[in-house]
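Visitor: I'd like to ask you about the structure that follows.
Bear in mind that the values in this text are calculations on the coordinates, not laboratory data. In this text the structure is predicted, and so the values were computed from the model without any measurement. For neighbour counting, all protein chains shown are included, and Cβ atoms are generated from backbone atoms with ideal geometry for every residue, glycine included.
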Amino acid sequence: MAEIVVLAEHREEQVREVTLQMLSKAGELGRAHGHRVVAALLCARSDGLVGALEGRADEIVVYEDDRLEHFDPDAYADVLGAFLAERSPLLVLLGHTAWSMDLAPALAVRTGHPLATDCVDVLLDGPAVKVVRQVYSGKMFARSAFRSAGSYLVTVRPGSFPVGTTSGRQTTITRASAPVFSAAAQRRFAGFRDSSGGGVDITQADVLVSVGRGIGDQENIEPAREVAALLGGALSCSRPVVDKKWLPKYHQVGTSGKSVKPKVYLALGISGAFQHVAGITGAGTVIAVNKDRKAPIFRAADFGAVADALGVLAALKTELLKK
Amino acid sequence: MDIVVCVKNVPFTQEADLVLEPGNKDVRKDNLAYVINEWDNYAAEEAIRLKEASGGSVTAVTVGSEEDEEVLRRCLAMGADRAVRVDPGDVTLDASVTAALLAAAVKPLPHDLVLTGVQADDMNHGVVGPLLAERLHLCHAAVVNGLSVNGSTVEATVELDGGQEELCSLPLPALLSVQTGINEPRYVSIMGIRRAAKIDIEVASPDSLGLFSADLTPDLTLEEMYLPPETGAAEMLAGDGPAIAARILAIIREKVGGSNG
C-alpha cells in the first residue's frame, strides 16, 4: 500500500474546488490500487478548512503556522519537501493553478522528483505512472510515462475530474509541525484584488452573445453588442478580446473571468480553450460558430456551425432588424 | 536593468488541420506556419518596455534549431540587444530538460530580471519559467499580468482564477512568467528588422554549456499522441450565413421563450 497525497489549495478561508476534484480522483485510484489518500493542509488557521476535506481522505495532515498564512512558494516547498521526505508517497497531486505553477517546480527541483503539469488524467499502469495532457491548442491529447522515481509530482487541470461526494471515509487528522524554514520569506504577499468587477453583469443574462478572436477586428464588437441587445441579452467575450483591449475585463467568460449560466450561449469565433469552456458549464444551450471545424468549442457545444463568425453575425443582425 | 527574456518558436495550430505523424508521437509540422509563442511575445514586449523606460539591456534566449532563430530575429527587431540560441542537438526535450538548458545559458548572462511566457502554445507545460528560476535560485511568480520595478524589488500582480488577483513583491533578481494581455506588443518595424540583421546570434550547445546527458534526462517520455475522443455532442447546422442565422434565432426563441428576439 502506498500513499497518494493531495495538496489542499485554499484562498480566503475557502478550500478551492480543484482540491475536491483531486481528492475524488485520488479516491478512485486509491480504491482501484489499494492506496491511502492523504490531504496535506498548509495554513495559518485550519478551522473551517478541515471540515471541507473530512470524509474525502483517509488522513488529513495539518501544518498550522503563521508563515503559511499567505501563499509563499519557498515556505510551502520547505514544508511539503520535508513531508514528502518523511512519507515517500507514490503520487503527489497539486492543482494546475497560478500558485502551484510556482510551487510544483520548486518541489521538483528541490526534491529531484519528476513533475508533469496540466494533466487531465493520471494512470497507474503496473509500476508505471502515466499522465494524459492536452497539447497543440487542445487539439491533440498526449499520453506520457514518467521516468522511474520514488515519488511523482502531478499538477491537475481544474475541471478534469468531478467534485464527487464525501465517501464517508474515516478520516484521521494528524497535526504536524512545520520544519524550520530555510530562509526568510522572499516573495511578500501584499493583498488580493478583484479584477473583473464593474460594468455589465454577464452572469445574469438569459442570452449571451460571446465573441472571440475570430471576430477579427475591434470594429466588429459593436454589431455583436447590437445583436445581443436585440436578443434581450448581453455581450460577453473570451480572453483574446480582453487581451487586445477590445472589451473591458468584466465581459470575460472563463476561469480568469466569470462563470456564466445563460439559457443560451452563442459563441462567435471562440476556439474554446479549456479556461473558457470551464466558464460555460452552467449554460443551458451552447451554440458555437467557428470556421475551424476542429476547434475545441464544438466539443462543448449543443449546436455548431462551421462558418465565418462575421457572416453569421451580419445575418443575425439583418434578420433581427427585419421585423 | 539587465533583462533576459526566454522565447520559443511554435507551430501555429489554432486554425490548422493537424495530422499525426506515422508512429503517433507528434503532428506533422511541415505544413504549419511558425510564430513566436503568444505568451513570449508579451514577455518580450514587457522586457523591451522596461529597458526603454530605465535603460539596461535585453537578451533573448531560445532553445531550438537554426530555423528557430527567426524568433530571436523578431525579438532583436523589437528592440532586444543580444540573442542566444541553445541548440539541443539530438537531446530529447521536455519541460525539465528545456529548463536545464536555459539555466546553463542564462546563468552567465547579466540578469536582474528574467521574463518568460506563462506557457507555450504547443506543449502547454506552463512550468519552464519557474523551473528555470529554481535552478538559478531566483525568487519567482507565475501568471503575472502586471509588474513594476521599484529599486531592488519588483511588484507583481498574479492572475488567480475567479476574477481575483494577488499583489506581491519579490526581491531582484527574480523571474516572472508573463500572462497574455499584460501589454500591447508592438509591430516589428522595417528599421528594427534592418537593425536586427546586423546582430550576430550567439549559439551554445549542451557541450559548450558543460551539460552532460545525466543532466538532461527527461521527466516524461511521450508514448502516444491522439485526437481527442469524439463527444458527438454538437448537432451541426448547415447552410450559408443567413440559413445558419435563421436556425440560431429559432433555437434561441425555443430555449428562451417569451417575446425575446
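Visitor: Assign one of three labels to region B:2-216, namely rounded, prolate or oblate, based on the Cα gyration tensor with a ≥ b ≥ c the square roots of its eigenvalues; rounded applies when a/c is under 1.5, prolate when it is not and a/b is larger than b/c, and oblate otherwise. Please list the in-between numbers first.
Guide: Working: a/c = 1.30, a/b = 1.27, b/c = 1.02.
It comes out rounded by the Cα gyration axes.
Visitor: Then there's this: Scanning chain B for GluC sites (Glu not before Pro) in DSSP loops with at most 16 other Cβ atoms within 10 Å, what's the longest stretch left with none? Walk me through the numbers on the way to the answer.
Guide: Working: sites that count: B:GLU15, B:GLU230.
Answer from the scan: B:16-229.
Visitor: Under 24 Å between alpha carbons: how many lysine pairs meet that in chain B, if sequence neighbours fewer than 8 apart on the same chain are excluded?
Guide: Numbers: B:LYS8/B:LYS25; B:LYS8/B:LYS29; B:LYS8/B:LYS51; B:LYS8/B:LYS107; B:LYS8/B:LYS198; B:LYS51/B:LYS107; B:LYS51/B:LYS198.
Count of close lysine pairs: 7.
Visitor: So who's got an amide H within less than 5 Å of the one on A:THR171, skipping anything under 5 residues away but keeping other chains? H placed 1.01 Å off N, in plane.
Guide: Result for A:THR171 returns A:GLY55.
Visitor: A follow-up question, please. How high is the relative contact order of region B:18-87, given as a whole-number percent (alpha carbon pairs under 8 Å, six or more residues apart)?
Guide: Working: 62 pairs, mean separation 18.7, N = 70.
In percent, rounded to a whole number, it is 27.
Visitor: Please give the helix B:69-78 orientation as an angle from the longest Cα principal axis of chain B, in degrees from 0 to 90, rounded to the nearest 10.
Guide: Helix B:69-78 sits roughly 80 degrees off the main axis of chain B.
Visitor: For labels at B:HIS137 and A:ALA2 in the simple 7 Å Cα→Cβ model, what's the distance in nm?
Guide: Modelled inter-label distance: 3.3 nm.
Visitor: A follow-up question, please. Relative contact order for region B:127-172: what percent, with Cα pairs under 8 Å and sequence separation of 6 or more? Display every interim value, and only then the final one.
Guide: Working: 64 pairs, mean separation 13.3, N = 46.
Relative contact order comes out at 29 percent.
Visitor: Would you mind pulling out the separation of the Cα centroids of region A:117-151 and region B:108-183, in Å?
Guide: So the two Cα centres are separated by 26 Å.
Visitor: Run through the DSSP bridge list for region A:3-176 and note the antiparallel percent, rounded to the nearest 5. Provide the component values of the computation, followed by the final result.
Guide: Details: 14 of 41 bridges.
Bridges in region A:3-176 that DSSP calls antiparallel: roughly 35 percent.
Visitor: For B:ASP81 and B:GLU224, FRET efficiency with R0 = 45 Å and r from the beta-carbon atoms, rounded to 0.05? List each step's numbers first, then the result.
Guide: Working: r = 43 Å, r/R0 = 0.95.
Once rounded, the FRET efficiency stands at 0.60.
Visitor: Cut-off is 10 Å between beta-carbons; in what order do B:MET191, B:MET225 appear when sorted fewest neighbours first?
Guide: On the way: B:MET191 9, B:MET225 21.
Fewest to most other Cβ atoms nearby, the residues stand as B:MET191, B:MET225.
Visitor: Could you give each residue of region B:34-39 its phi-based ³J(HN,Hα) in whole Hz, using Karplus coefficients 6.51, -1.76, 1.60 with θ = phi - 60°, and x for Gly or Pro?
Guide: Couplings: 9, 9, 5, 3, 3, 4 Hz.
Visitor: Moving on. Could you check what % of the DSSP bridge pairs in the protein assembly as shown are antiparallel, to the nearest 5? Don't skip to the end; give the middle numbers.
Guide: Details: 43 of 116 bridges.
The antiparallel proportion sits near 35 percent.
Visitor: Modelled label-to-label distance, A:ALA85 and A:PHE189, 7 Å Cα→beta-carbon offset: nm?
Guide: 2.5 nm
Visitor: May I pose another question? Once the mean 1/r over all distinct Cα pairs of region A:3-176 is inverted, what Kirkwood radius in angstroms do you read off? Can you show the working numbers first?
Guide: On the way: mean 1/r = 0.0625 Å⁻¹.
One over the average 1/r among Cα pairs gives 16.0 Å for region A:3-176.
Visitor: Residue farthest toward the positive end of the dipole of region B:221-261, with Cβ of Lys/Arg at +1 and Asp/Glu at -1: which of B:ILE244, B:MET225, B:GLY257?
Guide: B:GLY257
Visitor: Where does helix A:98-111 land angle-wise versus the long Cα axis of chain A, in degrees 0 to 90, nearest 10?
Guide: Value to nearest ten degrees: 30.
Visitor: Starting from the amide H of A:ALA116, placed 1.01 Å from N in the peptide plane, find each other amide H under 5 Å away whose residue is 5 or more places distant or on another chain.
Guide: Placed amide hydrogens put A:LEU153, A:VAL154, A:THR155 under 5 Å from A:ALA116.
Visitor: Continuing with this model, one more query. Using a basic spin-label model with each label point 7 Å from the Cα along Cα→Cβ, how many nm lie between B:THR231 and B:ASP17?
Guide: For B:THR231 paired with B:ASP17, the spin-label model returns 2.3 nm.
Visitor: Of all beta bridges DSSP finds with both residues in chain A, what is the antiparallel percent, to the nearest 5? Each step should come with its number before you reach the end.
Guide: Numbers: 14 of 60 bridges.
DSSP beta bridges in chain A are roughly 25 percent antiparallel.
Visitor: Separation of region A:177-222 and region B:10-44 by C-alpha centroid, Å?
Guide: The two parts, judged by their Cα centres, are 27 Å apart.
Visitor: Let me confirm the definition first: pairs of Lys residues in chain A, 8 or more apart or on different chains, C-alpha distance under 16 Å. How many are there? Walk me through the numbers on the way to the answer.
Guide: Working: A:LYS25/A:LYS130; A:LYS139/A:LYS291; A:LYS139/A:LYS294; A:LYS249/A:LYS258.
Step by step, the pairs that qualify in chain A add up to 4.
Visitor: Ordered by residue, what ³J(HN,Hα) values in Hz, to whole numbers, does region B:172-186 give under the Karplus form 6.51 cos²θ - 1.76 cosθ + 1.60, where θ = phi - 60° and Gly and Pro are x?
Guide: 7, x, 9, 10, 10, 9, 9, 8, 4, x, 5, 7, 10, x, 6
Visitor: While we're here: For A:VAL163 and A:ASP47, what does the FRET efficiency come to when R0 = 22 Å and r is the distance between their Cβ atoms, rounded to the nearest 0.05?
Guide: Details: r = 22 Å, r/R0 = 1.00.
My answer for the efficiency is 0.50.
Visitor: How high is the relative contact order of region A:202-322, in percent, with contacts defined as C-alpha pairs under 8 Å that are six or more residues apart? Can you show the working numbers first?
Guide: Values: 275 pairs, mean separation 31.3, N = 121.
Contact order relative to length: 26 percent.
Visitor: Does anyone have the angle between helix B:241-256 and the longest principal axis of chain B? Alpha-carbon axes, 0 to 90°, nearest 10?
Guide: Orientation of helix B:241-256: about 80 degrees from the principal axis.
Visitor: Then there's this: Provide, as a two-decimal number, the C-alpha radius of gyration of chain A over 2.2 N^0.38 Å, N being how many residues it has. Could the numbers behind the result be given before it?
Guide: Values: Rg = 22.3 Å, N = 323, 2.2 N^0.38 = 19.8 Å.
Expressed relative to 2.2 N^0.38 Å, the Cα Rg reads 1.13.
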